[in-house]
1. Kindly provide the set of residues from the stretch 129-162 that are within 16 Å of residue 236 (Cα to Cα) and surrounded by fewer than 12 Cβ atoms within 10 Å (Cβ to Cβ), ordered by number.
2. Within the stretch 228-253, how many residues turn out to be under 21 Å from the mean Cα position of the chain (by Cα) and either modelled with pLDDT of 90 or more or loosely packed, with under 14 Cβ neighbours inside 10 Å (or both)?
3. Test of understanding: among 21, 71, 110, 103, which residue is at positive phi and surrounded by 15 or more Cβ atoms within 10 Å (Cβ to Cβ)?
4. Just checking, does the stretch 134-148 include any residue being farther than 19 Å from residue 53 by Cβ and in contact with a strand residue (DSSP E or B) (Cβ under 7 Å, 6 or more places away or on another chain)?
5. Return the pair list, or none, for Cβ contacts closer than 6 Å from residues in the stretch 205-233 that are more than 10 Å from residue 184 (Cβ to Cβ) and not assigned by TED's automatic domain parsing to the domain that holds residue 172 to residues that are assigned to a helix (DSSP H, G or I) and at pLDDT 90 or above, at least 6 apart or on different chains.
6. Within the stretch 7-16, how many residues turn out to be farther than 17 Å from residue 70 by Cβ and either modelled with pLDDT of 70 or more or outside any loop (DSSP other than H, G, I, E, B) (or both)?
7. Need a quick list: helices (runs of 4 or more DSSP H) entirely within the stretch 79-157 having at least 1 residues that are within 17 Å of residue 41 (Cβ to Cβ).
8. Taking the stretch 234-246, which residues are closer than 19 Å to residue 152 by Cα and free of Cβ contacts under 8 Å to residues at least 40 places away in the same chain?
């Protein structure tokens, strides 16, 4: 009887869910040490908690013995594995988030109740496979050449003596080569992940979903272009130290953070305009 009461206690389920989320974020920070990635993971967990809270009154939290035991074993395995992670196992952190939620869902609602959590599983899959999104973009677009063309255009528009050969942007006193790592592809994937959070969490029309995605891509690409312009100017002025800073992880994270903040402002003001419409959505 006590086991059944504990299993059906929403308070304990919420406590376990929040605890697993905090453990996952802590591991992400310790193993990866990237503030932007930690921010993205935090937003994904916040979105999951929000979705669960919105449907808290309609969730079926009746499980069965097999599902509860299986879910408990999954969570226990993850916790034991988390004690001895190596630096090269960063992918496991995202996988553990998905498995943790699967284990908790089995304990809460059983195998038959998993369909209640489809939105949450979609979010965790998006968090798990950013490399897939990046691969799809790079296979269909030559993002490096596009970045080089746009950077060249901005320099030309500002009156600089500039030319371009492929992915090379050439100034009279220096040249930069724009490969995928500098093209803004990473920033685009990051903002696309955030855009997908907005799309999954909110019931928007097709047109508004497209607008959110296009805005995410445009902001990431444009803001990264200013980073490329800055690096080109530093190369042209023979400032190697400044170039290395903005080309390396610190400079990349600064511009990535700017992109995230800019997209956050867009979503805030855009959703403020749509607030009356969103208030009419069913909980």
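The values are calculated or read from the model by the stated rules, or taken from the named source; none is laboratory data. None of the values given here were measured: they were computed from a predicted structure. Counting neighbours? That spans all protein chains shown, and the Cβs are built from the backbone with ideal geometry, glycine included.
1. 158, 159, 161
2. Qualifying residue count, the stretch 228-253: 3.
3. 110
4. There is at least one residue in the stretch 134-148 that is farther than 19 Å from residue 53 by Cβ and in contact with a strand residue (DSSP E or B) (Cβ under 7 Å, 6 or more places away or on another chain).
5. none
6. Residues in the stretch 7-16 being farther than 17 Å from residue 70 by Cβ and either modelled with pLDDT of 70 or more or outside any loop (DSSP other than H, G, I, E, B) (or both): 5 in total.
7. In the stretch 79-157, 90-109, 118-128, 130-140 are the helices (runs of 4 or more DSSP H) which contain 1 or more residues that are within 17 Å of residue 41 (Cβ to Cβ).
8. Result: 234, 243, 246.
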